[in-house]
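The values are calculated or read from the model by the stated rules, or taken from the named source; none is laboratory data. Note that the structure is predicted; figures quoted are calculated from it, not measured. Heads up, the Cβs are rebuilt from the backbone with ideal geometry, glycines too, and the neighbour counts pull from every protein chain shown. Each accessible area value is taken on the protein alone, full model and side chains, heavy atoms only, with ligands, DNA and RNA left out. Shrake-Rupley method; radii C 1.70, N 1.55, O 1.52, S 1.80 Å.
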Amino acid sequence: MSFPYIQEPMTAATDLLIAAVSLYAFLRLKRRWPKPDLSQCWYLMFFLLMFISTVFGAFLNHAFAYVFPPGDRNMLPNWITNVLSVSCYAMALIERAHSVRPLRFRKALGVAVLVETVAIVVLTLWKMTFLYAEIHIGIILYVFSLPLQIRLWKAGYRKENTLAIVATAVMSLIPVVLIAGLSFSENFNYYDISHVIIATAMYLYYRAGLLWKQSPSK
């Protein structure tokens with residue numbers, strides 16, 4: 001009888017780092033917003049689903065992947081919840097921007113996020129690869145969210161949206177790390193570096209959330 005062991009301890013640990021930051025952010029913001037509006041509900045779901053996604057990733061994709069049959073099916077819970085989490089972030093920004101300055105194409109943007117999310121989920125299930133989830137992250141961050149953050153920043157909500165824009169810039173480092181295959185050692189590879197970058201970005205998004213509801217700066 002063989003005892004269970006952790007297959008990729010560092011990668012699992014850095015996944016759990018993201019999970020810990022996301023859960024902390026969810027609990028603290030939920031306490032700060034006892035009666036959240038629609039944008040805050042979407043923002044809370046962003047953190048909660050990221051927590052669930054990275055817990056799945058830590059245990060199913062890395063720590064105990066050897067327990068499951070060969071293939072990528074065990075990775076689907078992580079991939080799909082990741083896609084949904086990022087979509088919630090986009091929806092939060094759409095509602096947030098609309099509440100500050102009415103968006104003419106608010107409904108169209110929401111439908112576009114929904115259609116794009118469904119397409120990404122279908123492609124992920126069909127092709128069984130994380131590639132489409134990565135494409136989804138790029139589309140949501142740079143096509144939907146960043147322009148809305150800049151719009152809010154121009155409207156005077158500068159402190160929180162500066163943090164969010166910096167977080168998005170931090171996330172931009174991940175493709176560079178992955179393409180370059182940057183690793184400090186065999187025990188701290190490009191996946192681990194990417195996870196630390198994501199955890200940093202999630203903390204910045206949390207700090208941005210703490211500043212919501214403040215009056216625009218003049």
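Here are the numbers for this structure:
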read-out	value
Whole-Å distance, taken between Cα centres, linking the stretch 58-85 and the stretch 11-52	20 Å
Volume of the Cα convex hull of the stretch 1-127, divided per residue and given in Å³	108 Å³
Cα shape, the stretch 94-190, gyration tensor, a/c 1.5 rule	oblate
Backbone N within the stretch 3-27 under 14 Å of label point (7 Å from residue 185 Cα along the Cβ vector)	9-11
Cut-off under 5 Å, modelled amide H: who pairs with residue 188 long-range	none
R0 of 25 Å, Cβ-Cβ distance residue 41-residue 107: FRET efficiency to nearest 0.05	0.90
The chain - percent of accessible surface contributed by carbon and sulfur, probe 1.4 Å	69 percent
Residue 211/residue 131 FRET efficiency (R0 30 Å; Cβ-Cβ; nearest 0.05)	0.30
Positive-pole candidate from 191, 42, 53, dipole of the chain, charges at beta carbon	42
Cβ-based net charge around residue 145, under 11 Å, with every Lys or Arg adding one and every Asp or Glu removing one	+2
Rg/Rh (Cα only; Kirkwood hydrodynamic radius) as it applies to the chain	0.99
Within the stretch 80-218: Cβ-based charge dipole about Cα centre, in debye rounded to nearest 20 (Lys, Arg +1; Asp, Glu -1)	980 debye
Distance between modelled label sites at residue 30 and residue 5, nm, 7 Å Cα→Cβ extension	3.7 nm
Helix 158-171 axis, angle to the chain major axis (alpha carbon atoms, nearest 10°)	30 degrees
Pair residue 122, residue 20: separation of 7 Å Cα→Cβ label points (nm)	4.1 nm
